[in-house]
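The values are calculated or read from the model by the stated rules, or taken from the named source; none is laboratory data. Quick caveat, the model's predicted, so the values are computed rather than measured. Here Cβ is always computed from backbone atoms with ideal geometry, including for glycine, and neighbour counts include all displayed protein chains.
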Ligand SMILES: [Cu+2]
Ligand SMILES: [Cu+2]
């Protein structure tokens, strides 16, 4: 009689475990796997799904079974059997989980060591994160800088990541791996993209107002396509050969200094005022005064953003350290091309083009 | 009219007025000093100092400190007991009172109110998430709401733990009150200005850091972040004082014959939780204060620009904030273990194993904090040990599940509302439990970290480990507290709405997470293909919300019914059910003596306690 219930529930557990496993893999769908790391990681996922299906079924079947079968009749005032416990059982359901847990730990360690191990001939890409944009730099290719992450397929990649302000997190779901980008230190992430295609970096650590929109395009290309891209970028005119307006547009983009994350050029308000029609505009400041936007005001607003705050916007949002970062970039261009440029002038020139 | 007057002169109102006045004094003081120093007067340090002084003002105004101040001046302060003189009974619950049952109920209704507020925040941003694109809120409003939802719910759960342990533990161990009644009142009342600070933070600009408040993001957030951090900090006083009180009470005031292994199992859980509260809260307090001062006056701890380290904050923060999870679930699991034998008419299976597994969970809980930082930049040599320790949490948790199954197996089960909620809790906590190890192994966590998988997982652990058991406890002890019975049909309706609602919600959250839905985002990429699931989650959230309102209606309306409840409607062996309901002012007229085991159902003629004769030793 007692045995019967146990046998019955055990049978049910086995059946529901199997059903649940297939249900889980059908509903809990991982994104396409586009990196070498996704292989072992997805395998570990499936092992976990197996344990989830089994342990969930084990407890639920027995609980529901008991609640349905061992019901007290309303007029029955007597108690159930006086069973206090069973040391053998307690030891069993302590020891077996310990073994499973250790097994998972060892397996997990192996996978981790495997996917984080340095590879020969890694290609380094530097990742710079800031509120709220990403930019990528290729030290192996004369420091090309790009707002898109362009990678050759089947080439082991090492990302060296830093942040200019707060913590962000680099994640491309199709690659599976994730790593925070922490100001004040360089964090490393290794992976090998395997599937050509278009993906997105999605910032995974809350980083303020526009965290949701802190995305960057990722393109995985074939070898030839990648080489073609590199050549095209290297053939691009030197900064010295561009007009100030053209340079200003580069500085504005994520590839440059990422003003685009907060300022639009089409009239929409993001975090800061739009640049459309900015030059010559009459604006109210939050202390009640009004100003007309001219070159002096623009220079001050860029280099010392907290000096005047446009009414309706917040102070302390726009990065206050552009002066220093511009100086570094200018020195770099001076060393490489022998010309002195003024990034603020370029930006002002670009802003003036946005008035038509 | 009279009622309004009682309300306006209650500790509650006086406290709020005190808080306002002292905040103003603090701000003026700092601003005056700053203008003498030639600094900008209207600045953050003034707000911070004002906020802290305001908490003191609340306590002073409410009268929590009155007795202690009298002690300083050597005045007598007899511990006045009993209902207020010349005022209706209900005014007791709005005023400083030293009876542990009153304080427990104060904790309880405050917890429910705060829970409703936090739930409302969630419903608002769930509407936003039902569609991609910003439809209802701005990014700032969204960020403030989800951040506030987190900390408000944590506060609600802390209050809920306070409600259960305060009301139940002295009754269960046969004590007349807690060891330090005034400290007990302080622990409750100091939580109110903390909640006020957090809600005020939402008004003065809000904040966008989540409930974790990671530096250096806090240094760039709007002003509201300071009030949130301070509110969180002040909450800590409540935890530390409350836990010390509880530990002393259990250690020194147990009835004759109540050895450790003869205590009701809930008391074990309460002690394990109190140990965590007493030892871990200081760490988060320090971390929060460092965060506040670095932002307000430029001390340098966490900002790399000033030579600080952002990961230092995370270590300090999670050293508390991981164990705090167990602080919520241990009392919850204690309720499950307490109720199962009663509704199955069988002894608790493996009492000692369950008791010790609570301590085991508390202990292991201290060694796993870095799993919140698996992708923060720790070296493999550091994160691998934390992976192993994290996985080990599954072992004592498993012991509890198996022992629960052992308890109900072949029992004589009846499914009244409290038992339904206990079984619901087991199912939901099980979802939370089995979805944990996948976050514990680092390679899978690299995909799931900071996604909705985590959101689904911890909502399941919090609901299953705390909210469902808390509701079970409310229904179960409701006749004890009020002397009336709740309406069974409404209780069942609540259950049958909330359990499926919750399953859909958390399973849906996990599905979107694995597909690529990040946490804490105001808007999502329609290309992820998660929109339909989000609609389901939002609907489920509303079902849960309505079901909780049904419970509130049930609790309020049933309290007014004329019909008295049976003194021991569940035929429990526990001591609190052997005395009249509501419980008399001093609990037991005559002390009891423990003469058997607490859960000997099925063994006739053996009692757990015996009321000592009135003249007894
Ligand atoms: Cu970010
Ligand atoms: Cu982000």
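Going through the range B:387-429 one residue at a time, which ones are free of Cβ contacts under 8 Å to residues at least 40 places away in the same chain, facing chain A (nearest Cβ under 7 Å) and over 17 Å from residue B:350 (Cα atoms)?
B:388, B:392, B:423
Within the range B:163-175, is there a residue that is at positive phi and at pLDDT below 95?
yes
What about residue A:115, is it in a strand (DSSP E or B) and in contact (Cβ under 8 Å) with a residue 12 or more places away in the chain?
No, not satisfied.
Can you tell me which residue among B:446, B:462 is at the interface with another protein chain (Cβ under 10 Å from one of its Cβ atoms), on the phi < 0 side of the Ramachandran plot, in a helix (DSSP H, G or I) and touching a residue at least 12 places away in the same chain (Cβ under 8 Å)?
The conditions single out B:446.
Could you identify the single residue in B:69, B:25, B:17 that is closer than 27 Å to residue B:195 by Cβ and over 31 Å from the mean Cα position of the chain (by Cα)?
On inspection, the qualifying residue turns out to be B:25.
Considering only residues that are more than 9 Å from ligand 2 (Cβ to nearest atom), surrounded by fewer than 23 Cβ atoms within 10 Å (Cβ to Cβ) and not in a strand (DSSP E or B), which ones fall in the range A:178-212?
Hits for the range A:178-212 are A:184, A:185, A:186, A:192, A:194, A:195, A:196.
Can you confirm whether the range A:193-202 contains a residue that is closer than 30 Å to residue B:145 by Cα, within 10 Å of ligand 1 (Cβ to nearest atom), touching a residue at least 24 places away in the same chain (Cβ under 8 Å) and at the interface with another protein chain (Cβ under 9 Å from one of its Cβ atoms)?
yes
Has the range A:149-167 got any residue that is assigned to a loop (DSSP other than H, G, I, E, B), out of contact with any strand residue (DSSP E or B) (no Cβ under 6 Å at 6 or more places or on another chain) and within 14 Å of chain B (Cβ to nearest Cβ)?
Yes, some residue in the range A:149-167 is assigned to a loop (DSSP other than H, G, I, E, B), out of contact with any strand residue (DSSP E or B) (no Cβ under 6 Å at 6 or more places or on another chain) and within 14 Å of chain B (Cβ to nearest Cβ).
Look through B:9, B:28, B:77 and report the one residue that is touching a helix residue (DSSP H, G or I) at 6+ places or on another chain (Cβ under 7 Å) and surrounded by fewer than 20 Cβ atoms within 10 Å (Cβ to Cβ).
Criteria check complete, one pass: B:77.
Specify which of the listed residues (B:286, B:225, B:212, B:195) is within 14 Å of chain A (Cβ to nearest Cβ) and surrounded by fewer than 22 Cβ atoms within 10 Å (Cβ to Cβ).
Among B:286, B:225, B:212, B:195, only B:212 is within 14 Å of chain A (Cβ to nearest Cβ) and surrounded by fewer than 22 Cβ atoms within 10 Å (Cβ to Cβ).
Among (1) part of a loop (DSSP other than H, G, I, E, B); (2) on the phi < 0 side of the Ramachandran plot; (3) surrounded by fewer than 16 Cβ atoms within 10 Å (Cβ to Cβ), which single condition is residue A:318 missing?
Going through the list (1) part of a loop (DSSP other than H, G, I, E, B); (2) on the phi < 0 side of the Ramachandran plot; (3) surrounded by fewer than 16 Cβ atoms within 10 Å (Cβ to Cβ), residue A:318 breaks only (3).
If you go through the range A:339-356, how many residues are touching a helix residue (DSSP H, G or I) at 6+ places or on another chain (Cβ under 9 Å) and in contact (Cβ under 8 Å) with a residue 60 or more places away in the chain?
Summing the residues that are touching a helix residue (DSSP H, G or I) at 6+ places or on another chain (Cβ under 9 Å) and in contact (Cβ under 8 Å) with a residue 60 or more places away in the chain in the range A:339-356 gives 12.
Would you say residue B:325 is farther than 24 Å from residue B:468 by Cα and assigned by TED's automatic domain parsing to the domain that holds residue B:434?
In short, no.
Does the range A:273-289 contain at least one residue that is over 30 Å from residue A:153 (Cβ atoms), within 14 Å of chain B (Cβ to nearest Cβ) and either at pLDDT 90 or above or loosely packed, with under 13 Cβ neighbours inside 10 Å (or both)?
Yes: the range A:273-289 contains one or more residues that are over 30 Å from residue A:153 (Cβ atoms), within 14 Å of chain B (Cβ to nearest Cβ) and either at pLDDT 90 or above or loosely packed, with under 13 Cβ neighbours inside 10 Å (or both).
Checking residue A:261 against (1) assigned by TED's automatic domain parsing to the domain that holds residue A:340; (2) more than 16 Å from ligand 2 (Cβ to nearest atom); (3) under 19 Å from the mean Cα position of the chain (by Cα): exactly one of these is not met. Which one?
(2)
Return a yes/no flag: does the range A:31-48 have any residue that is farther than 25 Å from residue B:447 by Cα and surrounded by 15 or more Cβ atoms within 10 Å (Cβ to Cβ).
There is no residue in the range A:31-48 that is farther than 25 Å from residue B:447 by Cα and surrounded by 15 or more Cβ atoms within 10 Å (Cβ to Cβ).
Looking at B:570, B:546, which is the one that is under 30 Å from residue B:502 (Cβ atoms) and more than 14 Å from chain A (Cβ to nearest Cβ)?
Just a single option satisfies the conditions, and that option is B:546.
Of the conditions (1) away from ligand 2 (no atom under 16 Å from the Cβ); (2) more than 30 Å from residue B:446 (Cβ to Cβ); (3) within 14 Å of chain B (Cβ to nearest Cβ), residue A:270 satisfies every one except a single condition; which number is it?
So the condition that residue A:270 fails would be (1).
What are the residues in the range B:164-192 that are surrounded by fewer than 21 Cβ atoms within 10 Å (Cβ to Cβ) and closer than 25 Å to residue B:56 by Cβ, if any?
If the condition is that a residue be surrounded by fewer than 21 Cβ atoms within 10 Å (Cβ to Cβ) and closer than 25 Å to residue B:56 by Cβ, then B:179, B:180, B:181, B:182, B:183 are the ones that fit.
Do you know which residues across the range B:34-57 are more than 14 Å from residue B:296 (Cβ to Cβ), more than 26 Å from the chain's Cα centre (by Cα) and part of a helix (DSSP H, G or I)?
Answer for the range B:34-57, where residues must be more than 14 Å from residue B:296 (Cβ to Cβ), more than 26 Å from the chain's Cα centre (by Cα) and part of a helix (DSSP H, G or I): B:35, B:36.
Is it true that some residue in the range B:379-386 is within 21 Å of the chain's Cα centre (by Cα), more than 10 Å from chain A (Cβ to nearest Cβ) and either under 17 Å from residue B:469 (Cβ atoms) or touching a residue at least 12 places away in the same chain (Cβ under 8 Å) (or both)?
no
Among the listed residues B:102, B:96, identify the single one that is in a loop (DSSP other than H, G, I, E, B) and closer than 26 Å to residue B:172 by Cα.
That would be B:96, the only listed residue that is in a loop (DSSP other than H, G, I, E, B) and closer than 26 Å to residue B:172 by Cα.
Only one residue in A:269, A:224 is more than 16 Å from ligand 1 (Cβ to nearest atom), in the same structural domain as residue A:145 (by TED's automatic domain parsing) and free of Cβ contacts under 8 Å to residues at least 24 places away in the same chain, so which one is that?
Just one listed residue meets the conditions, A:224.
Report the residue count in the range A:166-188 for those that are more than 9 Å from ligand 1 (Cβ to nearest atom) and touching a helix residue (DSSP H, G or I) at 6+ places or on another chain (Cβ under 9 Å).
14
Of the residues that make up the range B:303-317, is at least one part of a helix (DSSP H, G or I), at pLDDT below 90 and more than 19 Å from residue B:230 (Cβ to Cβ)?
Yes, the range B:303-317 has at least one match.
Touching a residue at least 24 places away in the same chain (Cβ under 8 Å), part of a helix (DSSP H, G or I) and within 17 Å of residue A:8 (Cα to Cα): does that describe residue A:62?
Considered against the rule, which asks whether it is touching a residue at least 24 places away in the same chain (Cβ under 8 Å), part of a helix (DSSP H, G or I) and within 17 Å of residue A:8 (Cα to Cα), residue A:62 comes out as yes.
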